[in-house]
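The values are calculated or read from the model by the stated rules, or taken from the named source; none is laboratory data. The structure displayed is predicted, hence computed values, not measured ones. Every residue, glycine as well, gets a Cβ built from its backbone with ideal geometry; the counts of neighbours run over all protein chains shown. Protein only, heavy atoms only, side chains kept; ligands, DNA and RNA dropped before computing areas. Shrake-Rupley method; radii C 1.70, N 1.55, O 1.52, S 1.80 Å.
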Amino acid sequence: MRILLVEDDAALASALTGVFDKAGFAVDHAQAREDAALMLRAGHYAALILDRGLPDGDGLELLGDLRARGSTMPVIVLTARGTLDARISGLDKGADDYLAKPFSPDELMARLRAVLRRNGSFQGREVVCANLSFDIDNQGLKVDGESVALSQREGALLALLMRRAGLVVTKRLAEDQLFGAGDTLGSNAIEVYVHRLRQKLDQAGSLAEIVTVRGVGYLMRARQ
Ligand code: CA
């Protein structure tokens with residue numbers, strides 16, 4: 001799942017990127033409103049984390065533009081102006097949640113999960129396919145109740161495939177969700193992760209399989 005972080009404080013942005021990365025999110029980072037507007041037009045994001053005090057203006061204006069275009073993307077606003085007035089104006093502009101600095105990265109993670117769940121991006125904490133169950137929150141896979149260790153990106157790819165079991169996940173979507181804009185990607189990056197996942201699933205006795213849809217992408221289904 002890919003999110004956009006708009007924050008001009010380099011130290012905070014780097015700390016948050018680390019936390020999100022660890023939790024299995026791909027993060028793109030913008031330092032100014034203009035850059036963020038361009039990235040929002042070009043990319044598909046599951047959520048936006050938006051600082052208010054940006055070098056080229058108030059982040060809330062970006063939020064206003066987004067909502068005016070009809071976007072329902074979950075948005076969490078970050079601000080040093082934690083007063084009641086600032087909070088109300090943020091929520092009025094269409095923020096899903098509001099966090100005053102300083103805050104703990106864990107609290108931001110918890111709130112991000114909450115807005116994604118409300119938005120339907122997380123359909124509960126667990127997805128199931130055949131004898132596989134995957135816990136979205138801690139990226140834990142179990143096959144027949146036995147835990148199977150996965151890397152972050154293997155977990156992110158599996159979650160994407162399992163949430164859309166029976167439907168094709170295009171290679172492009174998988175790349176978007178697994179990697180940030182700053183990552184350099186080999187043309188076979190997704191194939192490599194699919195290959196590793198298949199090996200792990202086979203070894204664990206999975207009754208679900210990842211099928212290649214030639215020229216399009218992959219889909220997950222119960223073995224036939
Ligand atoms: Ca700022």
Roughly speaking, to the nearest percent, how much of the chain's 1.4 Å accessible area is carbon and sulfur?
48
Candidates Gln199, Gln152, Gln139; GNM for the chain (alpha-carbon contacts under 10 Å) flags as most fluctuating Gln199
So what are the ³J(HN,Hα) numbers for the stretch 40-46, from phi and the Karplus equation (6.51, -1.76, 1.60; θ = phi - 60°), rounded to whole Hz, Gly and Pro as x?
5, 6, 8, x, 10, 10, 7
Solvent-accessible area per residue, Å², over the stretch 126-222 with all protein chains present [probe radius 1.4 Å]:
50
Isotropic mean projected area of the C-alpha convex hull, the stretch 2-119 (nm²)
6.5
Rounded to the nearest 5, what is the percent of antiparallel bridges among the DSSP beta bridges in the stretch 2-119?
10
Per residue, how many Å² of accessible area does the stretch 2-119 show with a 1.4 Å probe?
45
Which whole-Hz ³J(HN,Hα) couplings does the stretch 95-104 yield from phi under the Karplus relation 6.51 cos²θ - 1.76 cosθ + 1.60, θ = phi - 60°, glycine and proline marked x?
6, 7, 7, 8, 9, 8, 6, x, 9, 8
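Calculate, in nm to one decimal, what Arg172 and Arg117 gain on full extension: separation in residues at 0.36 nm each, minus their alpha carbon distance.
That works out to 17.4 nm of additional length.
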So how exposed is His29, as accessible area in Å² (1.4 Å probe, rounded to 10)?
70
Taking all pairs of distinct Cα atoms, average 1/r, flip it, and tell me the Kirkwood hydrodynamic radius of the stretch 122-224 in Å to one decimal place.
13.7
In debye, nearest 20, what is the charge dipole magnitude of the chain about its Cα centre with +1 on Lys and Arg Cβ and -1 on Asp and Glu Cβ, if you could check?
860
Within the chain, the percent of DSSP beta bridges that are antiparallel, given to the nearest 5, stands at 55
On a straight-distance basis, which lysines could pair with Lys171 in a cross-link, Cα separation under 28 angstrom, same-chain partners fewer than 8 positions away excluded?
Lys22, Lys142, Lys200
Counting only residues 5 or more apart in sequence or on a different chain, those whose built amide H sits under 5 Å from that of Ala26 are Arg2, Ile3
Give me the accessible area of Thr72, 1.4 Å probe, in Å² rounded to the nearest 10.
100
I want to check the label-to-label distance for Glu209 and Asn188. Put each point 7 Å from Cα in the C-beta direction and report it in nm to one decimal.
2.1
5 Å binning of all Cα-Cα separations within the chain, expressed as whole percents from 0 upward:
1, 7, 14, 18, 18, 14, 11, 8, 5, 3, 1, 0
Could you put Met1, Met220 in order of accessible surface area, largest first, with the 1.4 Å probe and the full protein assembly present?
Met1, Met220
With all protein chains in place and a 1.4 Å probe, Leu160 shows an accessible area in Å² (nearest 10) of 10
